[in-house]
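These notes concern the structure reproduced below.
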Amino acid sequence: MQSKRVLWERIIKLFEKDYPSVTSKTDILTLAVNTLEKLPHFHWTGIYWLNNDVLELDYYIGKPTDHVHINVGQGVCGTAVSENRDIIIEDVLKIDNYLTCSNETRSEIVVLIKKSDGTILGQIDVDSDQVGAFDETDRSNMEIIANKISNYIENN
């Protein structure tokens with residue numbers, strides 16, 4: 001299997017190749033989620049938007065979830081917003097505030113989508129069926145995509 005770094009280089013190139021064809025918010029979300037889902041350790045990928053104090057699920061790929069609305073401070077997604085930081089959870093079974101979306105999920109990463117002034121717009125949420133699937137390489141590359149989403153939203 002290729003190294004994670006090489007896989008991410010390909011994913012970012014693929015995303016940037018198709019980015020100029022984006023003409024709507026739906027396009028940018030679809031491009032982001034569909035591109036990220038190509039990574040082998042991603043088994044659920046979605047975008048949540050922050051609306052007042054509630055995260056609302058928008059576009060996603062994976063099994064349906066009951067968690068289409070998550071209050072700020074609740075679960076990993078809500079905690080990321082309340083603490084204004086990206087979060088990597090190595091093993092979801094070892095944390096108390098995990099909201100179970102799928103019994104297969106073992107690790108999770110949440111990367112915030114922020115405006116240029118730091119205001120949180122939403123987040124990219126990814127689950128994996130592998131323990132310890134996510135690391136700083138994933139976070140930093142997901143941040144590139146989160147910034148592209150934010151730039152598009154702010155400028156269109």
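In segment 56-72, the qualifying residues are those that are hydroxyl-bearing (S, T, Y) and under 13 Å from the mean Cα position of the chain (by Cα), and the one that is farthest from H43 (Cα to Cα) is Y59. Taking segment 55-156 as the region of interest, none of the strands (runs of 3 or more DSSP E) fully inside it holds 3 or more residues being out of contact with any helix residue (DSSP H, G or I) (no Cβ under 7 Å at 6 or more places or on another chain), more than 24 Å from R5 (Cα to Cα) and touching a residue at least 40 places away in the same chain (Cβ under 8 Å). Count of segment 94-124 residues, restricted to those that are among the aliphatic types (A, V, I, L, M), modelled with pLDDT under 95 and either farther than 14 Å from I70 by Cβ or in contact with a Pro (Cβ under 9 Å, 6 or more places away or on another chain) (or both), is 1. Restricting segment 113-132 to residues that are buried (at least 22 other Cβ atoms within 10 Å of the Cβ) and not charged (D, E, K, R), the residue that is farthest from N51 (Cα to Cα) is S128. If we scan segment 21-36, do we find a residue that is outside any strand (DSSP E or B), closer than 21 Å to N155 by Cβ, of a type in the set (A, V, I, L, M) and over 15 Å from the mean Cα position of the chain (by Cα)? Among the residues of segment 21-36, at least one is outside any strand (DSSP E or B), closer than 21 Å to N155 by Cβ, of a type in the set (A, V, I, L, M) and over 15 Å from the mean Cα position of the chain (by Cα), which makes the answer yes.
The values are calculated or read from the model by the stated rules, or taken from the named source; none is laboratory data. Remember, it's a predicted structure, so these values are computed and weren't measured experimentally. Neighbour counts are summed over all protein chains in view; Cβ atoms, including those assigned to glycine, are modelled from backbone coordinates with ideal geometry.
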